[in-house]
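Peer 1: Quick one: the structure is below, questions incoming.
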Amino acid sequence: MSLLAHDPAQDDELGGDFSARTEPYRRELLAHCYRMTGSLHDAEDLVQETLLRAWKAYDRFEGKSSIRTWLHRIATNTCLSALEGRQRRPLPTGLGASSSDPTADLVERAEVPWLEPLPNLMDDPADPAVIVGSRESVRLAFVTALQHLSPRQRAVLLLRDVLQWRSAEVAEAIGTTTVAVNSLLQRARSQLETVRPSADDPPAAPDSSEAQDLLARYINAFEAYDIDRLVELFTAEAIWEMPPYVGWYQGASDIITLIHQQCPAESAGDMRLIPLVANGQPAAAMYMRAGPMHVPFQLHVLDMNAGRISRVVAFLDGTLFPKFGLPDSL
């Protein structure tokens, strides 16, 4: 089942009026919980927990705020409780090591709670989340940077800068003072600036002709097993990382060497890729030949700037494919 699918049985469980009033906000609640946690799997569970808590308190909802605000307040506190004592979710570049030797053996650390990608939630015209649904607020670079903040700093920053709440509303939501909220926000913004990557050129929108052309060339190079052709698609300082492996690689030459050394494909047709959108960015699902079929292998999320690819995060997690509505095999 798609992560956004509505279970009709909930109408009986939660009450038809409750479901009708809350269902339009499921997508943006998922995006909010994802920003808070950096995990798609956790975000799904937290949305369910949020709706359960909301249903239990529904008879006490007095309408002093909008139901959207009320649900986000519950979701924020649900996330804060869940994040107590948990580690932040990094990408390999966030582990503090320098770039790796592309000819060295890969080192896997499956026990690390890696950051996860998010399916496209942004382009459904029925989605009421205009601000929350912005692509910038779920881009991998932004969500990665959020992981450097404490959970309360994260909550304050998201409620103020993404949801555009007033400080007094945030203070009431998380049970603190306006002065404390403003202090948390100032520190969060300052810390975010130190870890957030700067880009001279704005990232390409996934539906732009430039991005679609570049993604098509990227896919064609892999499917034709013409790896050397990828060189012209990357920027000089491009980064490649692929959790759960801890190494990361910088520069087109090292990236191409890595793929030649480590990719299990041997010839044209061994890899097939499906274009998609993840984290509001161009992306592709890679399937690898296994006997007569192709099976899930990696989800690639791409940063594109000025007509080139500046970063690829290749997630090796087959459990993500169903979450993106992708087939089990090709």
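The values are calculated or read from the model by the stated rules, or taken from the named source; none is laboratory data. A quick note: this is a predicted structure, and the numbers were derived from the prediction, not measured. FYI the Cβ positions are ideal-geometry reconstructions off the backbone, even for glycines, and counts take in every protein chain you see. Areas reflect the complete protein model, heavy atoms only, side chains present, ligands, DNA and RNA absent. Shrake-Rupley method; radii C 1.70, N 1.55, O 1.52, S 1.80 Å.
Peer 1: Scan (1) open to solvent by less than 40 Å² (accessible area, probe 1.4 Å); (2) part of a strand (DSSP E or B) for the single condition Ile259 breaks and write down its number.
Peer 2: (2)
Peer 1: Let me spell it out: the conditions are (1) at pLDDT below 90; (2) under 29 Å from Val195 (Cβ atoms); (3) touching a Phe, Trp or Tyr at 6+ places or on another chain (Cβ under 6 Å), and Phe18 meets all of them except one. Which number is the exception?
Peer 2: Phe18 satisfies every listed condition except (2).
Peer 1: If you don't mind, another one. Can you tell me which residue within the stretch 175-210, out of those that are modelled with pLDDT of 95 or more and of a type in the set (A, V, I, L, M), is surrounded by the fewest Cβ atoms within 10 Å (Cβ to Cβ)?
Peer 2: So, considering only residues that are modelled with pLDDT of 95 or more and of a type in the set (A, V, I, L, M), the one surrounded by the fewest Cβ atoms within 10 Å (Cβ to Cβ) is Val179.
Peer 1: When you check Pro275 against the structure, is it touching a strand residue (DSSP E or B) at 6+ places or on another chain (Cβ under 9 Å) and either modelled with pLDDT under 95 or open to solvent by 10 Å² or more (accessible area, probe 1.4 Å) (or both), yes or no? Break it down stepwise before answering.
Peer 2: Working: touching a strand residue (DSSP E or B) at 6+ places or on another chain (Cβ under 9 Å): yes; either modelled with pLDDT under 95 or open to solvent by 10 Å² or more (accessible area, probe 1.4 Å) (or both): yes.
Taking the combined requirement at face value, the residue satisfies it.
Yes or no, residue by residue, for (1) out of contact with any Lys or Arg (no Cβ under 6 Å at 6 or more places or on another chain); (2) among the aromatic types (Phe, Trp, Tyr); (3) part of a helix (DSSP H, G or I):
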| residue | (1), (2), (3) |
| --- | --- |
| Ala205 | yes, no, no |
| Glu210 | yes, no, yes |
| Ala216 | yes, no, yes |
| Arg229 | yes, no, yes |
| Trp240 | yes, yes, no |
| Ser253 | yes, no, yes |
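Peer 1: Quick check on the stretch 284-297. Is at least one of its residues surrounded by 22 or more Cβ atoms within 10 Å (Cβ to Cβ) and outside any strand (DSSP E or B)?
Peer 2: No, the stretch 284-297 has no match at all.
Peer 1: Test each condition in (1) hydrophobic (A, V, I, L, M, F, W, C); (2) within 22 Å of the chain's Cα centre (by Cα); (3) over 24 Å from Thr235 (Cα atoms) for Val295 and report the one that comes out false.
Peer 2: Among (1) hydrophobic (A, V, I, L, M, F, W, C); (2) within 22 Å of the chain's Cα centre (by Cα); (3) over 24 Å from Thr235 (Cα atoms), Val295 violates only (2).
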